[in-house]
Ligand SMILES: Nc1nc2c(ncn2[C@@H]2O[C@H](COP(=O)(O)OP(=O)(O)OP(=O)(O)O)[C@@H](O)[C@H]2O)c(=O)[nH]1
Ligand SMILES: [Mg+2]
Ligand SMILES: [Zn+2]
Ligand SMILES: [Zn+2]
C-alpha cells in the first residue's frame, strides 16, 4: 500500500505543478489546455505501449529463471527446478519493468528540456538585451513544452497505475482461482493415500516417506541433481502440469506423477518403481527377545510366498497382498533381537521407524515360571531352541526403540505370538495353553506376564494372542494384522513373484 500512496502523492504533486504552470501559461497562450490534454494522452499511451512490449516479450525485461530459483536439498528450503507459473513471479517483474520504462522515458524528456532550455535562453540573452521579444517568446515556448511534458508525466503516471492495477487484478483473480483448484487437487493425493494406506519404503536405505521424488525424463539437467522433482503438488509451478527447467512437461500431483514417472528414494535416489507412495503398503515388525523365534515365525508366515533365506543385518521379507483398491506391498521386518536391545546397533534397525504393525514373539521357555518346571529329558528337548533373553526386556526394548523413532504406538495393532508351541504343548505346563486369543492371554498372564499384557493393552492399538504350530501358516497372526488395514495376502496364483528378501 505505501507504494500506491507514494504514487498518489506524486500524481497530486504533479497535478498541482501543472495547474500553476497551466494558469500562468494560459494567460498568454490560449491553446495550452489542448497541449496539456495531448500530453496526458501521450503519456498514457506511452505506458500502455511499454506494457504491450513487456508482456509480449519484446521488451526484454528481467525474467525469472528456474536455475535461479532452484534450491537443492541440503540446508533449509528445497525448491524444484521448474518454471514458476507466470502469475507466481514473472508478473511482478513485468509490472516493475513497465513502470521503470515509462518513467525512464518521461525522465529523459524532462532532462532534455531542462538541459537545453536554459542554454538557449542564456544564448538569447547574450545576443542582446534588446531582443526582448525573442526572450519572451523563448520563455513562453519553454513553458509551453513544459506544460505538454507535465501533461505527459501525469498521463504516464496514470497509465502505469492503470497497467499495474489491471495486472494486479488479473494476478489476484488467477491466484484466487488457482488456490481454489489446487486445494482439492492436492487433497485428492492425501485422501487416496489415506484410503489405500499407501506410502513408499526404500529397500536400500530403509527410509520411508509418503511422497517419493520423481525423475524428470528430460535429457539434460544443469545442475545435475535438478532432474529430481520433490514437490509435484499443484501450486505455483502449475496446477495440472509443470515445465521442468529442462523444458519437459511433467504432470502435477503425486497420484498422476506416480503413474507415469520413475519414483526414487528422496534420500539415496534408489528407484522405487511405478506407483511408489500410492500403493497400499503394510510393514510388520517382528519383535521379541533374542532367540525368541522371530525369524522362524517370519519364515512360516511367508512360507506360502516362497524363499526363506535370511540376509543382511535387518532382513526384510516382501509379500504380495491385496487391498480393495489394488495390489498391496507387505513387508516383514525381522530385526535381530540383539540389535534392538543394544542402542549402539540401532542404526542397523532403522527400518523400524516405518512400522505399521507389530508381531511380538515370546519364547515361553524363557519365562522363569515355565523354565522351573522343566527338568531332565524335558530340559534337553527344549535347550537347543531356548531363547536368550527375558520377554519383558524384549518388550521394553522394542517399545523404547519405536518411541524414540516417533512411531505412534497407540495406532499399531500388535499380535503377541507364543513361539515354540510344538515343544510347549508336549509338556504338562503347556497343556493348559488355550487355543483362542483369550485363552492364550490368560495362560501368559498365569505364566508371569500379567504386567506385560497390561502394558501392551495400554501402549498399543488392538492386541491379539496367537500360539501357532511351527511349520504352518495357520496361526492367523499375519492375516489378522493385515485385516486391520483392509489388506489380505494375495492368493498364490495372483502373486507376481514369490516372497523376496530385500536388503
Ligand atoms: N521347535 C521349535 N523351535 C523353534 C521355534 N521357533 C524358533 N525355534 C528355534 O529357536 C531358535 C531361535 O529361533 P530364531 O527364529 O532364529 O529366533 P530369532 O528370534 O529370530 O533370534 P534372533 O534373530 O537372534 O533375535 C532356533 O534354533 C529355532 O530353530 C518353534 O516354533 N519350534
Ligand atoms: Mg532372527
Ligand atoms: Zn533410500
Ligand atoms: Zn527436466
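The values are calculated or read from the model by the stated rules, or taken from the named source; none is laboratory data. All of these numbers come straight from a predicted model, not from anything done at the bench. Every residue, glycine as well, gets a Cβ built from its backbone with ideal geometry; the counts of neighbours run over all protein chains shown.
Assorted remarks:
- Total residues in region 358-377, condition more than 17 Å from residue 396 (Cα to Cα) and in a loop (DSSP other than H, G, I, E, B): 4
- Within region 272-297, residues that are in contact (Cβ under 8 Å) with a residue 60 or more places away in the chain and over 29 Å from residue 363 (Cα atoms) reach no partner that is within 16 Å of ligand 1 (Cβ to nearest atom) and assigned to a helix (DSSP H, G or I) with beta carbons closer than 7 Å at six or more positions or on different chains.
- Residue match in region 348-367 (condition: touching a residue at least 24 places away in the same chain (Cβ under 8 Å) and surrounded by fewer than 14 Cβ atoms within 10 Å (Cβ to Cβ)): no
- Count - residues of region 278-297 that are within 24 Å of residue 197 (Cα to Cα) and surrounded by 24 or more Cβ atoms within 10 Å (Cβ to Cβ): 8
- Filtered residues of region 192-238 (kept if over 17 Å from the mean Cα position of the chain (by Cα) and either buried (at least 18 other Cβ atoms within 10 Å of the Cβ) or more than 29 Å from residue 90 (Cα to Cα) (or both)): 195, 196, 197, 203, 204, 205, 206, 221
Let's see how each residue does on (1) within 30 Å of residue 5 (Cα to Cα); (2) out of contact with any helix residue (DSSP H, G or I) (no Cβ under 7 Å at 6 or more places or on another chain); (3) surrounded by fewer than 17 Cβ atoms within 10 Å (Cβ to Cβ); (4) modelled with pLDDT of 85 or more:
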{"position": "128", "(1), (2), (3), (4)": "no, yes, yes, no"}
{"position": "153", "(1), (2), (3), (4)": "yes, no, no, yes"}
{"position": "172", "(1), (2), (3), (4)": "yes, yes, yes, yes"}
{"position": "182", "(1), (2), (3), (4)": "no, yes, no, yes"}
{"position": "189", "(1), (2), (3), (4)": "no, no, no, yes"}
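- Which listed residue is assigned to a helix (DSSP H, G or I) and closer than 26 Å to residue 8 by Cβ, from 137, 150: 150
- Here 478, 449, 454 are screened, and the one residue that is part of a helix (DSSP H, G or I), modelled with pLDDT of 90 or more and closer than 23 Å to residue 375 by Cα is 449.
- Within region 262-276, if we keep just the residues that are crowded, with 19+ Cβ neighbours inside 10 Å and over 20 Å from residue 72 (Cα atoms), the residue that is nearest to ligand 2 (Cβ to nearest atom) turns out to be 272.
- Each residue in region 311-331 was checked for being within 16 Å of ligand 2 (Cβ to nearest atom) and within 16 Å of residue 199 (Cα to Cα), and 1 pass.
- Criterion: surrounded by fewer than 16 Cβ atoms within 10 Å (Cβ to Cβ), in the same structural domain as residue 169 (by TED's automatic domain parsing) and at pLDDT 85 or above - qualifying residue of 57, 104: 104
- Options 382, 407, 417: the member that is under 30 Å from residue 202 (Cβ atoms), within 16 Å of ligand 1 (Cβ to nearest atom) and assigned by TED's automatic domain parsing to the domain that holds residue 286: 417
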